[in-house]
Amino acid sequence: MHLISASRRTDLPAFYSPWFMERIRAGAASWVNPFNGAIASVSLVPEQVAAIVFWTRNFAPMLRHLDELEGRGYRYLVHFTLTGLPRRYETHVPSVRAALRQIQALARRLGPDRVLWRYDPILISEQSDWGFHRRNFASLVRDLGGATRQCSISFVEIYGKVRRNFQKHGLPLPQTELEERRRLTAELGSLGAAQGIAVRACCNDELLGEWVQKARCVDRDQVLRIWPELSFVAAPAPTREECGCSRSYDVGAYDTCLHGCIYCYATRDRETARSRKDRHDPDCATLLPAAGSPR
């Protein structure tokens, strides 16, 4: 058995739910290796999938498929990103109110252990300073108390795509001091604990402390706690430095997400994503058609 990541590279539930369900029905999915162009495939036969880990900012398009997904015997978790940052940094995401309604509805259906909140990334700017994050997180954590038991956080990482996007929009790159990051993180951890939400740092080990544990976003042990009848092996397989994830198969593709988050490491810009989405074929085994891709 194995774990499926759907997907760190794009928002599959928001933009490609029909494709994902076609892959479920076909019993397999393929993807193009972003580094060498090789095509790889993985089984999606229910008996071979321990759990699907969804990553999303808008799960609404996937809701109509859940009865089928569950009827076919699939187990799944949902990482739901909600930051409440100013629109200039994330131009096409659902409103805070709409996202809160989605998370709360998912918790009623799945239970709080299967709905994982991501306050990620923390972006410090003139419009979203330290005080903004204290107030914003305090408000969100009150609304999400009882709907989730975990919140993953990290600060913006300045990858090449991120640097170019900030420059394109004429915005200064976020710069912060370690002690300020630690101080804010500890405060967020304390606020989360008061609502029964454990705050975990994703690939930011310098933030670990009394109130903040290490995040393992794709976590075999967590899956086994939720479904103790399972037995499978998924060794640690970090995707980047300080990542704590277990091995999984990611079936998404970079530069295909349309949310317009300028701090995103996975999408060059929204225009590129729109162009690539135009090439999307729901009947293809890979998210974007590629030479040699199976159907």
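The values are calculated or read from the model by the stated rules, or taken from the named source; none is laboratory data. A quick note: this is a predicted structure, and the numbers were derived from the prediction, not measured. FYI the Cβ positions are ideal-geometry reconstructions off the backbone, even for glycines, and counts take in every protein chain you see.
With the condition kept exactly as written, say whether any residue in the range 38-49 is under 25 Å from P121 (Cα atoms) and out of contact with any Ser or Thr (no Cβ under 6 Å at 6 or more places or on another chain). No; the residues of the range 38-49 include none that is under 25 Å from P121 (Cα atoms) and out of contact with any Ser or Thr (no Cβ under 6 Å at 6 or more places or on another chain). None of L171, L140 is assigned to a loop (DSSP other than H, G, I, E, B) and either modelled with pLDDT of 95 or more or not hydroxyl-bearing (S, T, Y) (or both) except L171. Only residues that are surrounded by fewer than 16 Cβ atoms within 10 Å (Cβ to Cβ) and more than 29 Å from Y249 (Cβ to Cβ) were counted across the range 185-220, and they come to 7. Looking across the range 215-230, the residues that are over 16 Å from the mean Cα position of the chain (by Cα), free of Cβ contacts under 8 Å to residues at least 60 places away in the same chain and not in a helix (DSSP H, G or I) come down to P228, E229. For R182, the stated conditions hold: it is surrounded by fewer than 19 Cβ atoms within 10 Å (Cβ to Cβ), in contact with a helix residue (DSSP H, G or I) (Cβ under 9 Å, 6 or more places away or on another chain) and of a type in the set (D, E, K, R).
Loosely packed, with under 14 Cβ neighbours inside 10 Å, modelled with pLDDT of 95 or more and of a type in the set (D, E): is that true of E126 in this structure?
Values: loosely packed, with under 14 Cβ neighbours inside 10 Å: yes; modelled with pLDDT of 95 or more: no; of a type in the set (D, E): yes.
No; evaluated as a whole, the condition is false for this residue.
Listed here are the helices (runs of 4 or more DSSP H) enclosed by the range 10-77 that have at least 1 residues being in contact (Cβ under 8 Å) with a residue 24 or more places away in the chain and surrounded by fewer than 19 Cβ atoms within 10 Å (Cβ to Cβ): 17-26, 60-63, 66-71. Out of everything in the range 97-116 that is of a type in the set (D, E, K, R) and without any contact (Cβ under 8 Å) to a residue 40 or more places away in the chain, what residue ends up being surrounded by the fewest Cβ atoms within 10 Å (Cβ to Cβ)? Among those that are of a type in the set (D, E, K, R) and without any contact (Cβ under 8 Å) to a residue 40 or more places away in the chain, it is R97. With the condition kept exactly as written, say whether any residue in the range 91-98 is over 27 Å from R23 (Cβ atoms), among the aliphatic types (A, V, I, L, M) and either assigned to a loop (DSSP other than H, G, I, E, B) or touching a helix residue (DSSP H, G or I) at 6+ places or on another chain (Cβ under 6 Å) (or both). Scanning the range 91-98 turns up no residue that is over 27 Å from R23 (Cβ atoms), among the aliphatic types (A, V, I, L, M) and either assigned to a loop (DSSP other than H, G, I, E, B) or touching a helix residue (DSSP H, G or I) at 6+ places or on another chain (Cβ under 6 Å) (or both). For first residues located in the range 178-200 and closer than 22 Å to V115 by Cα, partners that are assigned to a helix (DSSP H, G or I) and basic (K, R) and lie 6+ apart or on another chain with Cβ distances below 8 Å form the pairs L188/R134; Q195/R142.
One line per residue, one yes/no per condition, for (1) of a type outside the set (K, R); (2) modelled with pLDDT of 95 or more; (3) more than 20 Å from the chain's Cα centre (by Cα); (4) on the phi < 0 side of the Ramachandran plot:
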| position | (1), (2), (3), (4) |
| --- | --- |
| Q150 | yes, yes, no, yes |
| S154 | yes, yes, no, yes |
| K161 | no, no, no, yes |
| F166 | yes, no, yes, yes |
| T176 | yes, no, yes, yes |
| E179 | yes, yes, yes, yes |
| T185 | yes, yes, no, yes |
| L188 | yes, yes, no, yes |
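Residue-by-condition table, conditions (1) under 20 Å from P86 (Cβ atoms); (2) among the basic types (K, R); (3) modelled with pLDDT of 95 or more; (4) part of a loop (DSSP other than H, G, I, E, B):
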| residue | (1), (2), (3), (4) |
| --- | --- |
| L258 | yes, no, yes, yes |
| A266 | no, no, no, yes |
| E271 | no, no, no, no |
| R279 | no, yes, no, yes |
| D283 | no, no, no, yes |
| T286 | no, no, yes, yes |
| P289 | no, no, no, yes |
| G292 | no, no, no, yes |
| R295 | no, yes, no, yes |
